[in-house]
Amino acid sequence: MKKHNVWLSVDFLLKAAILFAFIFPFLWMISTSLQTFQETLSVPPTLIPSSPQWINFVEAMTSGPFATYAKNSIIITLSIIIIQFLVMIPAAYAFAKYEFFGKNVLFALVLIAFMMPGQVTFIPIYLMMADWGLIKTLIPQILPFMSNAFGIFLLRQYFMQIPEEIIEAARLDNASEFKIMWKIMTPMAKPALATIALFSFVSHWNDYFWPLVMTDSNEVRPLTLGIAMLKQSEGISNWHIIMAGNVVLVIPILIVYLLCSKQIVKAFVYSGIK
Amino acid sequence: MASIEFVNVTKEFEKKDIIKDLNLTIKDGTFTVLVGPSGCGKTTLLRMIAGIGPQSSGAVLINGDDVTAVAPGKRGVAMVFQNYAIYPTMSVRENIEFGLKNNKVKKEERNQLVESISAAVGLTDYLDRKPSTLSGGQRQRVALARAMVKEPSVFLMDEPLSNLDAKLRAQMRLDLIELHKKLGTTFVYVTHDQVEAMSMADTIVLMNNGLIQQEAAPEEIYHEPNNLFVAQFIGTPPMNIGELGVDGVKFGFRPESAQTSDTPVDEYLSMEGEIATREMLGSETLYQMKYKDSAFMLKSNYAFYKVNQKIHIGVPEDKIYLFDSEGTRIRKDHERYSSYLEVLRGY
Ligand SMILES: Nc1ncnc2c1ncn2[C@@H]1O[C@H](COP(=O)(O)OP(=O)(O)OP(=O)(O)O)[C@@H](O)[C@H]1O
Ligand SMILES: [Mg+2]
């Protein structure tokens, strides 16, 4: 009995340690965002701000073209997700349920695209976009992500589990292929779509590297770059302002996660109606 | 209203002929039941009529027109699938309505149709439910309503009752017979349950390995089987078969055609055997009788024979069937019919 208790506490401590390791940077960010400039520099570091400085958020959001950055981030991320859905759903449906010439080769290409890191393709894409004179627009940050290979892969797996008879029943009900795709397949794949949307949202909302390469003016920069630039606005780093900016950056991700989380759990336990 | 015709239809899956050179006519307004063991091609046949699994060669005609190039939704055909295939994300109402919407039926007419059909199958209280919250029987009725609401000229049903309990199945059987009478449309119904086949069909089409074994009314298929397969497939328990010992010919008689007695029976075929097992079925009792190397099933109204008891049986001449070595029925007009029958005299 005693031994049992010891193991339980070890188990608990280990879990707490892991949780703490993950959550600490996050808490640190929130704490710093509410500190005064002096507190951010004090040794030992301040853990709990003496009086929360909400003004930091105001400062972060009024320094530089914050509204433009936010607008760009929203446009870029939402456009990417919408376009990806428009491309991904038909592609996944075709790969899952149609027989056509070259299907396996094409699907292999999708998988290769899935494994290709952006660092390999950014130079040719930059040159191409510059050639077309698009660097002053948001297009270089949207167009290259039109198709989402991981999404096509995940959605195809999901569609393959849907019984053929449901599609055939819809055909007998005189539904067009288009209607079958949007009215039958897509609603059934909601959990998979939520998962893909969340991953896509996080990776593009947080993306720093790609916009850094693809932009040369504030008009087209997203929030991630804008917040990083808060650092350079003065001689010394205003960590409290930067962290306030980061908190603002992270909040939409939390919201999207909360919206999707129920569906995401389902995505991994799907079973059709028999 | 529609007749269906298969002309030299072949269906291949992965280079194997599942259905070969099939010719079949299903008359307008009949209740035709396709029966046969699992994997014999019943579902495949239905799918060809519906157009969702087209034939490899040959033609399928509906009302005399070749429908090979007609899309499934335009054939006037509705199907109830073996697994129901209800749209899981739609409510019961949306499931029933989907086909009507696609056919551009006006909203008021649609509502009216949905109301009347759901009342007919007893789903009125469930119209706003999602399929996942329904029982198996209710789902089956959704599938049925979805098919009925389109007022098809051909109704295809693939073992629609196989997931229901015995009582509900008996009820639905009657409901379907009634429905057929009321609608007067062509029903093609698949089952491997021969009780269903016998009780519902105008015409039974019995298949095996993709070939039609016999196409006839229930009484005829029961009393005049074309071959050994039919004789042994229809009837519970199936027909007793014994070796005649000449030319590989076999003889058969149904378990209920044998008279049983403690004393020798004066019939064409008479034997004395020993009871091996006894099964009480209610009004009747089923015995298995050992005779020489073979065993015969007997169905009797007399419930008091005991295991290991000797008994006599007798089968009248007109209840005896003969089959040649290929399994084809030897009928009365066969030149050697009487000489084969003669062998049984002293069996
Ligand atoms: N898509 C397919 N690909 C390959 N073979 C198939 C396919 N569909 C059916 N078959 C084969 O065709 C044969 C007939 O199948 P079918 O589904 O018509 O049988 P069934 O008579 O409906 O059987 P059951 O009573 O079990 O439903 C089977 O041997 C099956 O394996
Ligand atoms: Mg079947």
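The values are calculated or read from the model by the stated rules, or taken from the named source; none is laboratory data. Given the structure is predicted, the values throughout are model-derived calculations rather than measurements. Quick reminder, even Gly has a Cβ in these numbers, built from the backbone with ideal geometry, and neighbours come from all protein chains shown. Only protein heavy atoms, including side chains, enter the accessible area calculation; ligands, DNA and RNA are left aside. Shrake-Rupley method; radii C 1.70, N 1.55, O 1.52, S 1.80 Å.
Quick notes on this one:
- Check on B:Q82, within 10 Å of chain A (Cβ to nearest Cβ) and either under 24 Å from B:V190 (Cα atoms) or at pLDDT 95 or above (or both): yes
- Matching residues in the stretch B:73-84 - criterion: being at negative phi and away from ligand 1 (no atom under 16 Å from the Cβ): B:G73, B:K74, B:R75, B:V77, B:A78
- All positions within the stretch B:78-99 that are within 16 Å of ligand 2 (Cβ to nearest atom) and in contact (Cβ under 8 Å) with a residue 12 or more places away in the chain: B:M79, B:V80, B:F81, B:Q82, B:Y84, B:A85
- Complete set of residues in the stretch A:171-191 that are assigned to a loop (DSSP other than H, G, I, E, B) and open to solvent by less than 20 Å² (accessible area, probe 1.4 Å): A:D173, A:A175, A:A189
- Any chance A:P144 is over 25 Å from B:P152 (Cβ atoms), open to solvent by 40 Å² or more (accessible area, probe 1.4 Å) and within 14 Å of another protein chain (Cβ to nearest Cβ): no
- For the residues B:K106, B:K130, the requirement of being away from chain A (no Cβ under 14 Å) and either open to solvent by 10 Å² or more (accessible area, probe 1.4 Å) or over 22 Å from B:L161 (Cβ atoms) (or both) singles out B:K106.
- Annotation: of all residues in the stretch B:39-64 being open to solvent by less than 40 Å² (accessible area, probe 1.4 Å) and within 12 Å of chain A (Cβ to nearest Cβ), the one that is nearest to ligand 2 (Cβ to nearest atom) is B:L46.
- Selection of the stretch B:12-38 for residues being within 16 Å of ligand 2 (Cβ to nearest atom) and open to solvent by 20 Å² or more (accessible area, probe 1.4 Å) yields B:F13, B:I18, B:P37, B:S38.
- Any hit, the stretch B:85-98, residues being within 16 Å of ligand 1 (Cβ to nearest atom), under 29 Å from B:S3 (Cα atoms) and either surrounded by fewer than 18 Cβ atoms within 10 Å (Cβ to Cβ) or of a type in the set (G, A, S) (or both): yes
- Residue within the stretch B:141-157 that is more than 9 Å from every other protein chain (Cβ to nearest Cβ), farther than 24 Å from B:T44 by Cα and crowded, with 22+ Cβ neighbours inside 10 Å present: yes
- Annotation: B:V67 fulfils all but one of (1) at the interface with chain A (Cβ under 8 Å from one of its Cβ atoms); (2) at pLDDT below 95; (3) surrounded by 17 or more Cβ atoms within 10 Å (Cβ to Cβ); the unmet one is (1).
- Some residue of the stretch B:113-124 being among the hydroxyl-bearing types (S, T, Y), more than 14 Å from chain A (Cβ to nearest Cβ) and open to solvent by 10 Å² or more (accessible area, probe 1.4 Å): yes
- Listed conditions (1) facing chain A (nearest Cβ under 9 Å); (2) free of Cβ contacts under 8 Å to residues at least 12 places away in the same chain; (3) closer than 19 Å to B:L123 by Cα are all met by B:K74, apart from (3).
Matching residues to (1) open to solvent by 70 Å² or more (accessible area, probe 1.4 Å); (2) touching a residue at least 60 places away in the same chain (Cβ under 8 Å):
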{"site": "A:I76", "(1), (2)": "no, yes"}
{"site": "A:F95", "(1), (2)": "no, yes"}
{"site": "A:F107", "(1), (2)": "no, no"}
{"site": "A:I112", "(1), (2)": "yes, no"}
{"site": "A:I152", "(1), (2)": "no, yes"}
{"site": "A:R156", "(1), (2)": "no, yes"}
{"site": "A:Q161", "(1), (2)": "yes, yes"}
{"site": "A:E164", "(1), (2)": "yes, yes"}
{"site": "A:A169", "(1), (2)": "no, no"}
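- The condition of being within 29 Å of the chain's Cα centre (by Cα) and not assigned by TED's automatic domain parsing to the domain that holds B:Q214 holds for only one of B:D293, B:D324, that being B:D324.
- When residues of the stretch B:180-197 are limited to those that are more than 16 Å from ligand 1 (Cβ to nearest atom) and crowded, with 18+ Cβ neighbours inside 10 Å, the one farthest from B:Y321 (Cα to Cα): B:T185
- Checking B:G41, B:G29 one by one, the residue that is at pLDDT below 95, under 14 Å from B:F155 (Cβ atoms) and in the same structural domain as B:V142 (by TED's automatic domain parsing) is B:G29 and no other.
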